[in-house]
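Presented below is the structure to which this report refers.
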Amino acid sequence: MIEEELKKLGDLYARMDEEYGRLSAVYGLTCRDCGENCCSQRFYHHTIAEYLYLLEGLKAAPDELKQTIVTRARIVVESYSHELQAGEIFKLMCPVNFDGLCALYSWRPMICRLHGLPHFFIMPDGVRKTGGGCHRLKGEGKGTASMDRTPFYKELAGIEKSLRQQRGFNERFRKTTAQMIMEMSLELDFDEI
Ligand code: SF4
């Protein structure tokens, strides 16, 4: 059942949030008063599991908010097509971000939950990949505490596999939140106001 897999994903997200909270406290990391907003970075999402979870959030949103998000997503996706011509990647705010805050916070994708902390993960071939954290990192844990994303990625891969089997989907998935929202708007069949 798709609902069961989405419930598993909700549990997984809760554990990610918990681990993020624990480690960000070690570093003394907070987003408060930061002049930048990570939601303007170009994040790509790679699973239909995250897509379906975010879709639940969009469905639950009030109609006016839903329509505004779709309108904003359309503008962002249209902007992508002008990048080649301009020869640069535009810095575009995620269409779900309103006044610095995520309007679909409980349903946000994985990278929105994990971004900002130093991390590592072990690839299926055993290769260890690492990533740095936010420039604001400070505190005693700096350089020593790093989030192990491996179990999270593995669990998400299991949920993804099950969902793909259930939906008969076997294509590569790589979309920004704006692109996912545009696809959702077709699935939900509502028009821009
Ligand atoms: S989905 Fe939410 S948290 Fe993720 S980039 Fe968009 S506004 Fe930010």
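General remarks:
- Per the listing I111, I122, I181, the residue uniquely free of Cβ contacts under 8 Å to residues at least 40 places away in the same chain and of a type in the set (V, I, T) is I122.
- Residues of the stretch 93-134 satisfying the condition of being surrounded by fewer than 11 Cβ atoms within 10 Å (Cβ to Cβ), within 16 Å of the ligand (Cβ to nearest atom) and either among the β-branched types (V, I, T) or on the phi > 0 side of the Ramachandran plot (or both): D99, G100
- The lone exception for A86 - which of (1) in contact (Cβ under 8 Å) with a residue 24 or more places away in the chain; (2) farther than 28 Å from E171 by Cβ it fails: (1)
- Selection of the stretch 102-119 for residues being part of a strand (DSSP E or B) and modelled with pLDDT of 95 or more yields only C102.
- Test: F90 is within 21 Å of A25 (Cα to Cα) and either away from the ligand (no atom under 16 Å from the Cβ) or not acidic (D, E) (or both): no
- Qualifying residues in the stretch 1-42 (those that are among the β-branched types (V, I, T) and in a helix (DSSP H, G or I)) - the one modelled with the highest pLDDT: I2
- Qualifying residue in the stretch 53-68 (condition: β-branched (V, I, T) and in contact (Cβ under 8 Å) with a residue 40 or more places away in the chain): no
- Residues that are more than 16 Å from the ligand (Cβ to nearest atom) and basic (K, R) were ranked within the stretch 158-187; the one that is farthest from the chain's Cα centre (by Cα) is R167.
The values are calculated or read from the model by the stated rules, or taken from the named source; none is laboratory data. These figures come from a predicted structure and were not determined experimentally. Glycine gets a Cβ as well: all are built from the backbone with ideal geometry, and neighbour counts include every protein chain shown.
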